[in-house]
Each structure stands twice: as structure tokens, then as C-alpha cells.
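As C-alpha cells, the structure follows; a few thoughts come after it.
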There are 2 protein chains.
Amino acid sequence: MRASQYLVATLKESPSDAVVVSHQLMLRAGMIRKLASGLYTWLPLGLKTLRKVEKVVREEMDAAGAQEVLMPAVQPAELWEESGRWFEYGGELLRLKDRHNRDFCVGPTHEEVITDLARNELNSYKQLPSNFYQIQTKFRDETRPRFGVMRSREFIMKDAYSFHIDGDSLQQTYDRMHQAYTNIFTRLGLDFRPVAADTGSIGGAVSHEFHVLAQSGEDDIAFSNASSYAANVELAEAVAPKTERPAAAAELTVVDTPSRHTISEVTEFLNIGSDQIVKTLIVEGELSDKQKEEGEKTPLVALVVRGDHELNELKAEKLDGVASPLTFASEEAIQQAIGCKPGSIGPCQLAIETIVDRSAAVLSDFVCGANQDGKHYSGANWERDAHIDRIEDLRNVVEGDASPDGQGTLEIKRGIEVGHIFQLGTKYSEALGAKVLDENGKEKTMMMGCYGIGVSRVVAAAIEQNHDDRGIIWPEAIAPFQVSIVQIDAQKSEDVVKYSEELYESLTALGVDVFLDDRDKKTSPGVKFADSELMGIPHRVVLSSRGLKAGKAEYKHRKDSKDGIVELAPEELLPLLKEKLGIN
Amino acid sequence: MRASQYLVATLKESPSDAVVVSHQLMLRAGMIRKLASGLYTWLPLGLKTLRKVEKVVREEMDAAGAQEVLMPAVQPAELWEESGRWFEYGGELLRLKDRHNRDFCVGPTHEEVITDLARNELNSYKQLPSNFYQIQTKFRDETRPRFGVMRSREFIMKDAYSFHIDGDSLQQTYDRMHQAYTNIFTRLGLDFRPVAADTGSIGGAVSHEFHVLAQSGEDDIAFSNASSYAANVELAEAVAPKTERPAAAAELTVVDTPSRHTISEVTEFLNIGSDQIVKTLIVEGELSDKQKEEGEKTPLVALVVRGDHELNELKAEKLDGVASPLTFASEEAIQQAIGCKPGSIGPCQLAIETIVDRSAAVLSDFVCGANQDGKHYSGANWERDAHIDRIEDLRNVVEGDASPDGQGTLEIKRGIEVGHIFQLGTKYSEALGAKVLDENGKEKTMMMGCYGIGVSRVVAAAIEQNHDDRGIIWPEAIAPFQVSIVQIDAQKSEDVVKYSEELYESLTALGVDVFLDDRDKKTSPGVKFADSELMGIPHRVVLSSRGLKAGKAEYKHRKDSKDGIVELAPEELLPLLKEKLGIN
């Protein structure tokens, strides 16, 4: 593409409402423009990248045996009433009425529509498994759209839905999708992790999120430095330490800790490490329905973790005997049961059930609250001074923890969720009555999986992961242009035009996306360089009047510093670029 | 694609609500399914064709210098209020409110959004001309959606919008788009005509429609059998006959025509041709504002056309002195002014302005009403018996008329509108204030063009034009599959599997879309043949157990009759298909 015939819509400053880097750079590079809150127009430069992402997604979905369809964006309310989501789905569902006053929505997702299709078109186990996908515009009426296309209202999603005769078949397709997603994000050139995830409200047993690692991510991902293990921090298991608990060496001693309540206040005051103290948190226990009927009082439970660790509430509330959702005991209940305020509780001589985290359970000679306001114990030891009812995994993992799969240690980085795969089970097929005849001629409700990729979000996530202070640094696979050819002082030298046009034509004929910056002298060399870097074009070639007089052109990769400029004869550019681009 | 892994959703019967052939065949071939009134899901087979149409459209738009963008489907009401269309646009505009109670619509078209983009991004004449297009889902809330995807509510459109410093530049881009559309429909393999069209309510001076010729079309298209001339019948000029009016030979004679009023009644009664009689229609004339103020009575005007011709109301109302919109005089007014009922009027001794069609004006010795109920004249002649105030083009063209461009004669066929290009002028740029600085640094409102193709409608139109009683006959360029390989009795012969798989793999590796019908013996050969023909796959190969025993395979083109089956050795199939498909 010639810059003179292209909408080069670069901006020097980023609009003030853009707070994340990808939003700023997409605006500044001229990839998108805001139409209204959460609604963006994709300009030519942005759309080129979006289409490249789509192409990779489509190829891998096809290769994995999924069949592409295209469902309507506007969906009738009746189907959502059948699934129960017409009322369950909150304000994010953009509801509307047509001219005949019938209810519709602009689809945020397509479980209902595809399940309706499946119940009509799939009748026999012989047609299973079937996996249908589409790449399509969705709408979620976010309360507070933000971060540009990262959390917009209208966005492009690849959504796939698979149908199965049983769970084994679902697992097979699920694994195939897991592999397809791995292929997709690998081909896109992104540093990502498939992460075991909570299935949350969508239901179903198994689910993985695919996260692009980037500082600005909204989720904390723990992953092994030696294997493919990765999980949301909330879900990662904190394995038991391999070390045994040392024998007690110190005496249990009461120390005054006046007005010191938090871990940091106490450790600073006592000059100890936060891994030498334990936190004791009092939560409500669980009553059976019968106990409730009989008016039994809610029991309290003590949860103990090491001072440098954080209680994982998800893990805690899943334990037998602990109320779910996790409910912290009131100050009043603690005062009544233990006789002190929450900041002074410890496990010694505690008369309630005590569940101790695996890491806290191997401590000896530790510090803890003395169950009296303003006092702590030092030299506390399990069994001798404090009883343990159960040892459980109670905490969030931290960097350096052993990986739960036994390979390597954990790192933690922030991630941006760009894909999510689910085993839905029969949630929708049951509600809509999507059945087939099995081998024995019996009706059977189909099992379902669903598999999403936020296609437009991938573009933003790629930028969050790949940028510097000069702009975007595109992975080669999704760069809108692979090569930029910068003309300098073309008006002074016919050679500049001749060499750049020849190179442009040769590369274009090879199928390379080239940005030929043929803007006239009113656009300074500095602006051309800045635009090329801002737009993140991986390979940059400069043809200048001055350089060519000395028989030289320049090549530089976007990732290289200024020192990375290579000088070479203009005839050598094409062979060099072909080599860099892997063209034979 | 292997049939065993594909949603083959063919139907023997077409659903009763499908009245046009394309709708019936798209359902029966398994291309689409209805979700709700005017909302269709594209199944894998349908989507493949849709994507092929999109690809051709995209390639030709790119080649014509247009830049692809993607605008939101959901648009804020504010922009439509600026253009005035929020209130003007009728019930087809799907209006809705977001969660914050702000007004939006699901866009039926994007003039407002693109003009908003242009006023923000285009500032200088140097950025012009610019032409932006998108291929995108649109919504029109039709009162009565029908004919499947031909007139659905949600549909896919390619819409382009160009911006210009002046009318010359607009004309150049308009011509380029005209050529691009010609390229597109030619490449798609469709018999089409670009047709001069009325600009109607969209405004602007120049407009062409692109029609695919098909019996089921909603428009009548007149086109030359010897040139590229084509126009909507309503707009085609009926040129003056080259023959001169013969001299009068008969006497003006009153004949009784009791109770005969219509042309057919009178010609049958008098045993004459309908080209020997004239029809005289009385319409209201035009008053100037001043004349209206002065209370002048509306004058009447007589319009005379030959008995076998039809008055063209569009042409008539454009004439000076004739009221627009065309208003026929009431029976009462006619009785009062002429003294008879409308069925007996003629131009002889008529005291009002008489405008005569070019073809009627060269008649002599003709029959006409005698301005007395129940009487006609025979042997009437212009000038001697009836005055002519003006000779004008008043009628619709008919087959066999001379083409207005002087080349050949006109044919008339029905057409389906699949594209429309407009010179919009400044209608939207004026309303939204889309201006640039011209060469002299002065603000100038941009001129605009807009260019649409109903991408999903093209698929239906292609079927309307190309089908027989067995199903669709795809043009090669948009066939979802180019080749079908039918396996027969594969369970009886390893050779059937071997040869068909080899051929499938070889063709697929060459980039050919192949449908390998590997369904097991429960699907009969007859069903496989019928499905291949219903789906319209151009090239069919049969590999059967019985045939291969004799060393023979079969080839047949979809267009050929049963006699067109070619027997050949299985090794000859690949070379034959490569030749047919134009692969070297």
C-alpha cells in the first residue's frame, strides 16, 4: 500500500480517555476510532491486523474439523426464555423490540441459537461429534466500557459449539480445541498460557482460559518455569512443603505487642520475618439443614496461614465444615468466643476447630496472637502449644512455590484472557431438548462444549505484550504491514523512487504486505520514521537521496535499537528481506 | 470436505413458506436455516458460497483503490438526528435503547457513521479522493420479510463511501466503481446489466443499479441486444420512429362502439390491431404558484399513446405543464370539460393541450374515441382532424424498440437488483459539516458517492438465474464445492476408497474445493447423485465398485444431461478435472 493513497491516521498525542497502552497505541497508530462509548470503527490499518488474526483462527478451526457457520446477530427472545437466560442475563444483554413489538436481543453469545439449530439438524449419534464455529460481531452492553477494544460493547468473537453423544467424545473434542487454541496463539506469536479455570456461572466441570501474558492483565496466572502447568492463582494448588517440621527449640513466651495488630506491625516490632509468624482467621462453620432446624448456633472455625501468605477464599469455602460463601466471623462473635479482638488471635489453647495451611503446619518456634488484646506468643509450637484439627491447602501460591505437577517452581504473571474453552455438559441441550437417537435407537440428550476467542481483544492483547515507548512491536504473523519502505528526499533523486518502487513491486508480487511511505516532502523523515515505529511494522527499509549517492540503503528491524541499522547496497535489500521473511 | 464429517442438511421437500426458487433451493440444499422471520443462519454449505462472493468483492474493491474498514453495527441516534434520518427513516430502522436509556439503532446503512469519520479524519484536499468500504452485517426491519435471504431483515452488504473535492473527482471514482462492479459480477459468472436508475429518495444526480437477470426479478430491465445499453423500463427512452407519418388516406368516420371502452374491447369489436388505435388520457396540468394564488382553475392536459403502448407516468410527470406527481383527471372533471366518459375520449376537436407520444404521432388513419359516449372515430388523422401541441416520449419501451443509443433493438427481462451506485453529492457532508481545506486554504464541503452490493442477496440471485428442476447450477466461481466425488459400494471395493481418496487428496492439495461423498451404504447412490445435483456442484465424478471392475470411472458436468456422462479410466480423472478447472 502506498501511504499517499492510504488513510495514515497517526496521532502524536493519545486522547485522554485512553488509559491502557493498547488503547493509546491503537488510537495513535490509526487502527481504531471511537464512534460512541464502547463502539469502535476499525480503520484500514487496524482491520488488516484483525483479519490476519481471523485468518489464523479460521485455518486452525478448520484443521481441527470444526465447520464454519454464520448465525444472526439479532436473536429472538423465545430461545433465551427456553434456556432461562432472558431473565438471568443481566443488563449486559442488549434487549430490543422489533416493529411488531416482539422481543429480541443483539447476541452476546450464541448457545441458544446453536442449540436450536442442533436440535433441528442433528438427529442421530452418527452425526456426532459435530463442532460448529463462527467469527462474528457480538454485543455486550457493558456498564462501563473501557480500555478500547479490550472491553468494548461491540466486538468480534470466534465462538464454537460442539455436540456429543457422551462425555468421552466431549473430552476428545475439548482436547482438540485445546490443541487448536495452542496452535493459534503460537502462530500469532504471542506469549500465552492455557490456564485451568473456574467454570463459574456457566456451569460444566472442566474449563481452561487462554491468557496472553502482559503486565496490564486483569488476572494473576501461576505457571511452572519447567513445564506447561498454568492456573489462575486462585485455583493453583499450594503443595505441601517437602521439609519436615523442625523440633521445638524455644519456650512459649508471652510478649507485649501494644497496639500492633497487623502482621507487618508485629513483625517489625519484634524484628522477625513474616514467615516466622502465623495469621489466624476466624470464619463461620457449616451447619447441616437439620442442625439449622434445631436452632444450633453457627460454629466458628480458625484458619491458619503463614504470615507471608494470603488466605485463598475459594479454597477455604470448598472445605467441609466451612460455610460457603466464606463468611468471616464478626468482631462481636470473636470477642464472645475467644475474648479478644481479631488482631490478637492465635491457635494456642483455642477451643474451636483449627485448620492449618500446609506451609504453616511445618513451622516451629513461631509467633502468633495470644488471644489477649495487645499480646502475642513467641516460641509457639504445634501440638505442644496449639492443636491442629486438619492440614489443608488454604493459601494462594506465591512465586517460587513448587509447581503442583512436580516440575520446576511457579512464576506469577498477569494475563489477559483471550480465549476460554468449556465443557458445558447438558446445560443448554437439556433446557432446549436437543436430543439424538443413540446406537440403540434411544433418545439421548447431547453433551456440549463451547470454545471462545475474543478476536478483537487478541489484537489489543498482542499490543499490551509487544510495545515500547515508540509504539507497537507487532509479531510478524499479525503485523498489518510486514515491511515499510521509507522514501527520503524522493523529489531530489529519481533513484529513491526507482529503487523503492521496484522493491515495493517485487515484495508485493511475493504476497508481502508492504507500506511504501511515498508521502511528499511536507512529511518529514522524522515523521515517517516515527509513524513506521508507531505502527509497529517489523522490517524497515530506508531509501534516501543522500544514502543512494553513496550507494547505500538502510535496513532495521523494529525490535533493534538505533545501533541496529544495517547499511547495504539497494540491490541487496530484496535478498535480505526474503531471507528475513522466510521466502525462498 | 468429507460428507461423513460435514453437515449435509439436504431436504427432499421444501418448506411451504418458501415461494421463490432460490429460497426453496437454499433450504433444500442445506445452505440456510430460518431462525425467526427474516433471520437466517448460514450453514457450512451456504457460508462457503457467501465467502466466495465476499472474496471477489473484496479483491475488486481493493484493486479499485478502496480501503476496507469496519464500522460498528450499532450506531448512536445522535448522528441520525444530525442527518435528519432518525425521524425520516421509517419503521425499517431498528431503534433501541442501551442500558443507560440512550437511543441507538442497528444500522441499515452507514452514511452517517462514515461521514462522521470523514469529518474527523479528512482535513485537506490532499487526502481526497478517499473511498472506504466494508463488508458487514446490516439490519432492516422489513414489514414483511420474504424470499429467504433475498429480502431478509439481517443481511450482509458491501457498502462503500467515497469523498471528493469536486464533482469531476466524484465522477472518476463513480466510473471506477462502475467498472469494479462490472468486474465483480463478471467474475461471479452472472448474466447482469448495469442499469441507469432513478435516484429516488436518496438524492443526488446519477445512479446505476446492477441487476442479475432472472425471471423472478422484481424489476423490468430494457437492454440492447447489440450494445451495453440498459435501463429500468421506467427510465428507458422510447426513441422516435424513423419512419415518417404516411399521408392520410381515409375519411374521418364516426362508428358506434356501444359499451366498448377499453382498447381490447374496441379493437376486437372493430377488428383492428391495437397499434391502429390511440389511447387518450386526461391528467391535471400545472399551475404556477401565482396562478394558484389567483385561484385559477387547474387546466387539463391530454396525453396520447398508441393502443399497444403503456403510458410511462414518470416520464409524463416530468413534462412542463403536467402536474407532478401525475394526477389523472376525475371522471367528473372529464365529463364537464369534454362531455363524455374516460373510455370514449379522443384527440379530435379537443379543446385542451394535447401531448402526443412519438409513436402515436406517426400514425395515420387511426381509430380514437369520438368524445361522445359509445362512439369512436375511424380514419382519424393528425393535423387534419386532431391537433398536436407537443410530441414527447410518453410511453414505456417494449421489446423490439430501437435502443436509445442507436445500436440494436431492446430486449426486456426481469432483473434482481444486487448492486446500486450513487452520486450523493453533498447531502450528508452538508448535514454533518464534513469539510476539507481546498488548494487555496478555503473550507469546502466534500462531495460523496456511495456504492452498495447485497452480498447475501447475490447468492440468492445467482440461484434464481442458475437452476433447473434438480437443483442449483452454480457458476464455477462461487460453487461451494467445485468437484463432487461420489463413492458407490465402497464397502464392496477397496479400489473405490483408494481412487476416491487419492483424487480427493490430489485436488485438495491443488486448492480445489472437493466434496467427497463417503457416506456409508445407508445413503443410496440415488441420494448421493441427487444431493450433488441439488447442491449444484459443477463437476461430478463417480467411483463405483461395479465400474472399477471394468476399469471405468464416470465424469459429468452439472449442466449436462444424463447422456453427458463420460466414462474413463480412474487414472484419467485428475488430468481431466485439471483441464476442466483450468489448472496447469
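Quick note: the coordinates plus some simple rules give every number you see, no bench work behind them. All values derive from a computational prediction rather than experimental measurement. All Cβ positions, even for glycine, are placed from backbone atoms using ideal geometry, and neighbour counts span all protein chains on display.
Data for the structure
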read-out	value
Cα pair distances of region B:227-284 binned at 5 Å [whole percent]	4, 11, 14, 19, 17, 17, 11, 6, 2, 1
Inverse of mean 1/r across different Cα pairs in region B:171-264, Kirkwood, Å	17.4
For region B:394-491: Kirkwood Rh in Å [reciprocal of mean 1/r, alpha carbons]	19.4
Nonlocal amide H pairs with B:Q67, under 5 Å, H built at 1.01 Å	B:N131, B:F132, B:Y133
Dipole-positive endmost among A:I391, A:G406, A:V418 within region A:355-429 (Cβ charges, Cα centre)	A:V418
Straight-distance crosslink candidates among lysines, where the alpha carbon sits under 29 Å from A:K562 and sequence neighbours closer than 8 are dropped	A:K12, A:K48, A:K52, A:K492, A:K498, A:K521, A:K522, A:K528, A:K549, A:K552, A:K578, A:K580
Calculated label separations, A:P258, copies of the chain, 7 Å along the beta-carbon direction, nm	13.4
Kirkwood Rh and Cα Rg combined as Rg over Rh, evaluated for region A:264-338	1.08
Long-range HN-HN contacts of B:G536 with modeled amide H, under 5 Å	B:I472
Chain B residue with Cβ closest to the axis mapping B onto A, distance in whole Å	B:L96, 2
³J(HN,Hα) computed for each position of region B:11-19 - Karplus, 6.51 cos²θ - 1.76 cosθ + 1.60, integer Hz, glycine/proline x	10, 6, 10, 9, x, 5, 7, 8, 9
Exposure proxy ranking, count of Cβ atoms within 10 Å, fewest first, for A:L568, A:L96, A:L303, A:L190	A:L568, A:L96, A:L190, A:L303
Which of A:D141, B:D103 has the fewest Cβ neighbours within 10 Å, and the rest in rising order	B:D103, A:D141
Ranking of B:L170, A:L122 by count of other Cβ atoms within 10 Å, fewest first	A:L122, B:L170
Stokes-Einstein translational diffusion, region A:523-577 - Kirkwood Rh over all Cα pairs, 0.692 mPa s, 37 °C, in µm²/s	281
Prolate/oblate/rounded call for region B:171-327, Cα gyration tensor, a/c under 1.5 rounded	oblate
Note, ³J(HN,Hα) from phi for region B:393-405, Karplus 6.51, -1.76, 1.60, rounded to Hz, x at Gly and Pro	7, 10, 10, 6, 5, 10, 3, x, 4, 5, 5, x, 8
Nearest-20 debye value, region A:292-446 charge dipole, Cβ charges on Lys, Arg, Asp, Glu	200
Computed label-point distance, nm, for sites B:E244 and B:R144 using a 7 Å Cα→Cβ extension	5.3
Label distances, nm, B:K522 versus same residue in remaining copies, Cβ-directed 7 Å point	7.1
Region B:253-392, relative contact order in percent, only Cα pairs under 8 angstrom and at least six apart counted	29
Cα gyration tensor shape of region B:53-190, rounded if a/c is under 1.5, else prolate or oblate by comparing a/b with b/c	oblate
Dipole in debye (nearest 20) - chain A, about Cα centre, beta carbon charges: Lys, Arg +1; Asp, Glu -1	2480
Pairwise label distance in nanometres, A:D175 with B:N120, each label 7 Å out on the Cα-Cβ vector	4.9
Gyration tensor verdict on region B:253-392 (Cα atoms; rounded if a/c is under 1.5, prolate if a/b is larger than b/c, oblate otherwise)	prolate
Mean projected area (nm²) of the alpha-carbon convex hull when the protein assembly as shown is viewed from all directions	65.5
Helix runs (DSSP H) in chain B reaching 24 Å along axis by Cα, Kyte-Doolittle at least -1.0	B:44-63
Cα extents of chain A along the three principal axes, largest first (Å)	91, 69, 43
Stokes-Einstein translational diffusion, region B:483-581 - Kirkwood Rh over all Cα pairs, 0.890 mPa s, 25 °C, in µm²/s	185
Exam field: A:P325 pseudo-label spacings to other copies (7 Å along Cα-Cβ), nanometres	6.2
Placed amide H near A:L300: partners under 5 Å, 5+ positions off or other chain	A:G285
Karplus (6.51, -1.76, 1.60) ³J(HN,Hα), θ = phi - 60°, over region B:124-130, in Hz, Gly and Pro reported as x	10, 4, 5, 7, 10, x, 10
Unit charges on C-beta of K, R, D, E only; dipole of the protein assembly as shown, Debye	1440
Principal axis dimensions, region B:488-539 - Cα atoms, whole angstrom, descending	31, 28, 12
Chain lengthening between A:E78 and A:K341 when straightened (0.36 nm per residue, less Cα-Cα)	89.2 nm
